[in-house]
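Single-structure report; data block below.
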Amino acid sequence: MKIIGTGSALPEHIVTNEMLAGFLDTSDNWITTRTGIRTRRLLSTETLRELALEAARKAITSSGLRPEDIDYLICSNVANSYVSPSLGSIILGQLGCSCPTFDMNGACAGLVYSLDVADAFLKAKNMKNILVVAAEQPSRFCNWHDRATSVLFGDGAAALVVTQGEGFKDFRLTGNTHTEVMYYKREMQRTPYDRVEEKTEPLVMNGREVFRLAVESCIDDVDTLLERNGMTGDDIDLYLLHQANMRIIECIREHLAQPKEKFPTNIQKYGNTSSASVGILIDELSRAGELKEGQTVMLSTFGGGFVTAAAILEWSDINYAK
Ligand code: ACO
C-alpha cells in the first residue's frame, strides 16, 4: 500500500497561550515549557464536517483520482455532535463518493489504525483506492475551566488516499485497558429501567501517567518495528510522531539517539489535534517538499485506551500541481 494523495484543513481561529491566560490561571511560559505549544486552532464558525470535507477534497485532488474511484472511506474520529450517522456517512455524499464507509475510534492513534485496516482491505478485498480521513475536535471534550487539559488541544482534519503498491512495510498496533488515565464520558438518554447512573464528564486525564505510558509504548513500538525489519534508528530518515507534547517527542528522540532534524513537529502551531495530528504533519511536509521520494519514514502514535499504532513506510512523491 502506498500514499498517493494528502490533504489537511484547520479552523481559522488562532488561540494563543496569552489568550488562554486571560481566563485561566496559566501562562505562556508554563504551556510553552511543559508542552511546546504556542498556539492552537479552534473551531468557531466552521464545523468539523466542513474541515473533514476540505481535507478529503484536497487529498482526492492531489491523488489525481475522481471521487467515484474511491472504493472505501474510513473516517477516524473520537467524537462529534452526531453519534449516528458516522462522520464518514455524513461527508460521503458531499464528496461525490458512493462507497462503503465507517468511523474508526482509535483515539489519537486512529489514523494509523485506519491505515492498517486499509492495508488489510487492499490485500484481502481486491480494492484499489481507499480514502482515510481523520477529523477531530478534542477541544470540545475539555472542561474549559480546567487548565490542565484545555490548553493542550486543537481542532483539525487530515486525509490520505492510499492505493495498492510499494510503500508501507510494516505496522505495529497495541491495546490495553487503562480507562482511568484518560476518558471523556457522555450521558445517554435515560430509560424507565436503567438503574446505573452515568453522567457526562469532560476530559479527565492523569497527565503524568499518560506521559509515562506514551513514552514507554512509543519506544516499544519503534524498537519492535526496527528490530523486526532488521533496521536501526539510523535507517529512518524521518520520525513523524503523534503531536501531543514536545517533551514526549524529545524523550523518544533521546532514547533513539537521533538528531532533532529527523523529528519534524507542528505542535507549536496546532497543539494536540488527536488522530489528525500525524496526518496534518504528513500533508504539510509533503506539500513543502520536505518528504522526499525514497525516504524511510516511521509513524508512531498513541492515545486513550491505551492504544498505540506505528508503521514504517517508504515515501513516494506526490505531484500537487494537478
Ligand atoms: N498552567 C499552569 N500550571 C498548570 C497548568 C497550566 N495549564 N496545568 C497544570 N498546572 C500545574 C499543576 O496544577 C501542578 O501544580 P502543583 O505542583 O501546584 O500541584 C503543576 O502545574 C505540575 O503539574 P503536572 O501535571 O505534574 O505537570 P507536568 O509536568 O506533568 O505536565 C502535562 C502536565 C503537560 C499535562 C504533561 O503531564 C503531559 O503532557 N502529559 C501527557 C498529556 C497527553 O499527551 N495527553 C494526550 C495524550 S493522548 C491523546 O493525544 C488524546
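The values are calculated or read from the model by the stated rules, or taken from the named source; none is laboratory data. These numbers were taken from a predicted model, which means no experiment stands behind them. Reconstructed Cβ throughout: ideal geometry from the backbone, glycine too, with neighbour counts over all protein chains shown. Please note that ligands, DNA and RNA were not included when accessible areas were found on the heavy atoms of the full protein model with its side chains. Shrake-Rupley method; radii C 1.70, N 1.55, O 1.52, S 1.80 Å.
Some points to look at:
- Portion, in percent, of the accessible area of the chain that falls on carbon or sulfur, probe 1.4 Å: 49 percent
- FRET efficiency, 1/(1 + (r/R0)^6) with R0 35 Å, evaluated for residue 16 and residue 208 via beta carbons: 0.85
- Only beta bridges with both residues in the chain are counted; by DSSP, about 70 percent of them are antiparallel.
- Interchain or long-range residues, amide H under 5 Å from residue 36's placed H: 246
- Anisotropy class of the chain from Cα gyration tensor, a/c 1.5 cut: rounded
- Low-density loop positions, trypsin sites (Lys or Arg not before Pro), segment 46-120 - DSSP coil, at most 12 other Cβ in 10 Å: none
- Among beta bridges that DSSP assigns inside segment 2-166, antiparallel share in %, nearest 5: 65 percent
- 3J(HN,Hα) from dihedral phi, segment 283-296, Karplus parametrisation 6.51/-1.76/1.60, rounded to Hz, x for glycine, proline: 4, 5, 5, 5, 5, 7, x, 8, 9, 10, 2, x, 5, 9
- Computed over segment 1-138, the P(r) curve from all C-alpha pair distances, binned at 10 Å from the origin, holds 11, 37, 29, 15, 7, 0 percent per bin.
- Volume per residue of the C-alpha convex hull in segment 170-314, rounded to whole Å³: 134 Å³
- Flagged links, alpha-carbon separation over 23 Å, of 58/269; 58/125; 123/262: 58/125; 123/262
- Extended-chain gain in nm, criterion 0.36 nm per residue less alpha-carbon gap, residue 89 and residue 187: 32.9 nm
- Residue with peak Gaussian network fluctuation, the chain [Cα springs, cutoff 10 Å], from 82, 239, 270: 82
- Note on residue 82 and residue 164: the model spin-label points, each 7 Å out from Cα along the C-beta direction, lie 3.2 nm apart.
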